[in-house]
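To start, the structure itself, in structure tokens.
Every number in this text was worked out from the coordinates using simple rules, so none of it is lab data. The shown structure was predicted, so the numbers you read here are calculated from the model rather than taken from an experiment. FYI the Cβ positions are ideal-geometry reconstructions off the backbone, even for glycines, and counts take in every protein chain you see.
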Amino acid sequence: MRANNPAPGSSSPSAPPPRPGLGDLTSSTFAALLDHLLNRIKLFQLEFKEIRGEVLVKLFVLLTAFLFFALGYITVLTGVIGMLTLHFEWSWPKVVLCTGGIHFFGTFLLLIIAKKRLSQTAFRDSLKEIEKDRQWLENRHRQR
């Protein structure tokens, strides 16, 4: 008579498997998210190690070059202001205002050039992976 009722603890072939509960889904989602974030951090660390040496050398060279340039520039600028004052018989405030205007114009041009040069991205691999993840999420939301 008990042939129709399966014994407790045994599963019948026709019964559907139990569905995971909300806690199981939450913990697995959280674990996947945490794993994803840890992988992104590892990728960032690897890319930073690759460029760290290059960045330090470039920074040192640029700083040293800037100091030498600043010393030379101040010396030459002082000489040019003195020379223009004597040659054109202008007052030195007029010469200083003209050279200041030229400097502002040159600064504006250099900022435009720097903006174009600095638009090249570092961490290209990380950005590509983030873009792939974003596209995957968008495709997944469209499928629902």
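Subtracting the Cα-Cα distance from 0.36 nm times the residue separation, let me have the gained length for Arg124 to Ser27 in nm, one decimal.
Working: separation 97, 0.36 × 97 = 34.92 nm, distance 3.15 nm.
Here the segment from Arg124 to Ser27 would lengthen by 31.8 nm.
Modelled spin-label separation between Phe88 and Val61, with each label point placed 7 Å from Cα along the Cα-to-Cβ direction: 3.8 nm.
First check a/c for the stretch 40-144, with a ≥ b ≥ c the square roots of the eigenvalues of its C-alpha gyration tensor; if it is under 1.5, answer rounded, and if not, answer prolate when a/b is larger than b/c or oblate otherwise. It comes out oblate by the Cα gyration axes.
Remark: the Leu137-Leu97 segment gains 8.6 nm on full extension, using 0.36 nm per residue and subtracting the alpha carbon distance.
Computed extension length for Ile51-Ile81: 6.5 nm, one decimal, from 0.36 nm per residue of separation with the Cα-Cα distance subtracted. Put a plus charge on the Cβ of each Lys and Arg, a minus charge on the Cβ of each Asp and Glu, and nothing anywhere else: the dipole of the stretch 23-143 about its Cα centre is then about 180 debye. Relative to one another, the C-alpha centroids of the stretch 77-144 and the stretch 34-76 are positioned 18 Å apart. Using a cut-off of under 12 Å, list every residue of the stretch 123-144 whose amide N is near the label point 7 Å from the Cα of Phe44 along the Cα-to-beta-carbon line. Inside the label zone: 126-127.
The alpha-carbon of Lys42 sits under 20 angstrom from the alpha-carbons of these lysines, leaving out residues fewer than 8 places away in its chain: Lys128, Lys132.
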